[in-house]
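Structure, as structure tokens:
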Amino acid sequence: MSDSASVFPDSNSFTKPLFNQLKRHPKRIVFTEAEDPRIVRVAARMVELELGIPILLGNRDKILAMFSELGLSTEFVRIIDPAKSSDFKLFCERFERIESYRGIVNVDAESIIAKPHYFAAMMVQYGQADACLGGNQVDPFGVLRPVLHLVKPCPSVEKAFACTVLVSDSLPNFGADGILFLADTGLIAEPEVDDIATIAAEAGKLAHHHLGRMTRVALLSHSNYGSARDESSRMMQAAAALANERVDVLEIDVDGEIQADVALVPEAAAVKVPELAVKPPSDVLIFPSLDAAHISLKLLRHLGGAQAYGRIICGLTKPAAQVPRTACEEMILGTAAALGVEAIKYRELHPSG
């Protein structure tokens, strides 16, 4: 077994279908912080599994030295130092045009595009890569800012948001298949009704795309259908109604506002909201704030032991994701695979794109 394979557990209910699809339709994934042994191992594993072409950004000599130290092959791996790339001047010219359209002049394009995160966003936007992933060595907005600045937004989504996928085969009531999609886990601190409705509809489409079946979306609250009457519960209730109007996929079912146990545990639903007891557990959990979503994510991951993938950035016309600095190789690989499958099915997800 290779060094890269030794740090990766077996694929699970979420990643196995991703790997199978990518073996048939490999994709090019660009990694923005490639001077990292974790990324080197992920790149080698991608090639080993025949998932696509990893593109590693950074100092070429340092990255090659890591491959050598780990005893891994660079076959089918692209390594690019942005400032030395043949596309560098072209990307600088395009960046200057983008900024001029926004009324910004005298921009130092070369110093900006030399940064791997900006270079990666340009690669994805202009078709040099199918998706980009970063965050393993920088804070979240070091990844998010360039992507949101340079990748064209999806016309139907006013504000980009983040979705994290959690997988567990040991925690009870963990969705219908041991998979949960959580949103928004990264971008909109205090969403309003319209924001939450969009997040619910788009996260539902993302989950439906990956699960390939009827998908249930729950807008979470401390209230069940008006059992508590305050601003937060009314916001989630209004967002649920609006989300139902916006969902254009018949196999997405939106409920809310409801409590988390009602969304996930049929026995709790039978007591509190009997009409929901006949439904399967929810697949997508939508939170009233970024605080609630982020805290829940961390508790499920670090105390519950769930495997996490993403944050997948939703609301852009090209796939991108940010992983935490604490990400293990398995999380990075699974997130990259999820982005690759998004790229495969892009027209299905965004038919007007």
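Hey, rough spin-label estimate for Tyr101 and Asp177, points 7 angstrom out along Cα→Cβ, what's it come to in nanometres?
Reported label-point gap for Tyr101 and Asp177 is 3.7 nm.
Net charge around Leu150, counting only other residues with Cβ within less than 15 Å of its Cβ (Lys, Arg = +1; Asp, Glu = -1)?
Surrounding charge for Leu150 is +3.
Charges on Cβ only, +1 for Lys and Arg, -1 for Asp and Glu, centred on the Cα centroid of the chain; of Ala308, His117, Ala238, which one is farthest towards the dipole's positive end?
Of Ala308, His117, Ala238, it is His117.
Using the alpha carbon gyration tensor of segment 61-206, what are the three equivalent-ellipsoid semi-axes (square root of 5 times each eigenvalue), largest first, in whole Å?
32, 26, 12
Springs between alpha-carbon atoms under 10 Å, Gaussian network over the chain: tell me which of Met236, Met66, Met122 tops the mean-square fluctuations.
Met66
Please list, ordered by chain and number, the residues whose modelled amide H lies under 5 Å from the amide H of Lys27; skip anything fewer than 5 residues away on the same chain.
Gly52, Ile53
When the Kirkwood hydrodynamic radius is evaluated over all pairs of different C-alpha atoms of the chain, what value in angstrom, to one decimal, is obtained?
Taking every pair of different Cα atoms in the chain, averaging 1/r and inverting gives 20.8 Å.
What pairs in Lys298/Lys345; Lys159/Lys205; Lys62/Lys115; Lys23/Lys152 have C-alpha atoms more than 23 Å from each other?
With Cα atoms farther than 23 Å apart: Lys298/Lys345; Lys23/Lys152.
In Å and whole numbers, how far do the C-alpha atoms of segment 161-301 stretch along each principal axis, longest first?
Taking max minus min along each principal axis of the Cα atoms, segment 161-301 gives 35, 33, 32 Å.
Using the basic label-point model (7 angstrom from Cα toward the beta carbon), what is the His222 to Glu190 distance in nanometres?
1.7
Of His209, His149, His302, which has the largest mean-square fluctuation in a 10 Å C-alpha GNM of the chain?
Among His209, His149, His302, the largest mean-square fluctuation in the Gaussian network model of the chain belongs to His302.
Just need log10 I(q)/I(0) for segment 1-143 at q = 0.08, 0.11, 0.17, 0.22 Å⁻¹, Debye formula, equal scatterers on the alpha-carbon atoms, no solvent, rounded to two decimals.
Evaluating at q = 0.08, 0.11, 0.17, 0.22 Å⁻¹ gives log10 I(q)/I(0) of -0.25, -0.45, -0.96, -1.40.
Could you put Ile80, Ile104 in order, starting from the residue whose Cβ has the fewest other Cβ atoms within 10 Å?
The order, fewest Cβ neighbours first, is Ile104, Ile80.
What is the set of long-range amide H partners of Gly58 at a cut-off below 5 Å, with H atoms built 1.01 Å from backbone N?
Here Ile80, Asp81 satisfy the definition.
Give me a comma-separated list of calculated 3J(HN,Hα) values for segment 131-141, in order, Karplus coefficients 6.51, -1.76, 1.60 applied at θ = phi - 60°, integers in Hz, x for any Gly or Pro.
6, 10, 9, x, x, 5, 10, 10, 5, x, 6
Evaluate E = 1/(1 + (r/R0)^6) for Ala270 and Arg78, where r is the Cβ-Cβ distance and R0 equals 56 Å; express this FRET efficiency to the nearest 0.05.
Step by step, r from the Cβ atoms, then E = 0.55.
Reported to two decimal places, what Rg/Rh ratio describes segment 255-317 when computed on Cα atoms with Rh from the Kirkwood expression?
1.03
What are the ³J(HN,Hα) values, in whole Hz, obtained from phi via the Karplus relation 6.51 cos²θ - 1.76 cosθ + 1.60 with θ = phi - 60°, for each residue of segment 273-288 in sequence order, with x given for Gly and Pro?
Result, rounded to whole Hz: 9, x, 5, 8, 5, 7, 8, x, x, 5, 9, 10, 10, 10, 9, x.
Take the alpha carbon gyration tensor of segment 234-353, find the square roots of its eigenvalues, order them as a ≥ b ≥ c, and report rounded if a/c is under 1.5; if not, report prolate when a/b exceeds b/c, else oblate.
Taking the square roots of the gyration eigenvalues as a ≥ b ≥ c, segment 234-353 is oblate.
Whole-Hz ³J(HN,Hα) for each residue in segment 56-64, computed from phi via Karplus 6.51 cos²θ - 1.76 cosθ + 1.60 with θ = phi - 60°, x for glycine and proline: what do you get?
9, 9, x, 6, 4, 5, 5, 5, 4
Once the Cα atoms of segment 61-143 are picked out, what are the Rg and Dmax in Å?
Using the Cα atoms of segment 61-143, the pair Rg, Dmax is 14.9, 49 Å.
For the chain, set up a GNM with springs between Cα atoms under 10 Å and report which of Gly58, Gly315, Gly304 has the largest fluctuation.
Gly304
Express in nm, to one decimal, how much length is gained between Phe141 and Leu64 on full extension, taking 0.36 nm for each residue of separation and deducting their alpha carbon distance.
Full extension of this stretch gives 24.9 nm more.
Quick note: the coordinates plus some simple rules give every number you see, no bench work behind them. Model, not experiment: these values are computed from the prediction. All Cβ positions, glycine included, derive from the backbone under ideal geometry; neighbour counts span all protein chains shown.
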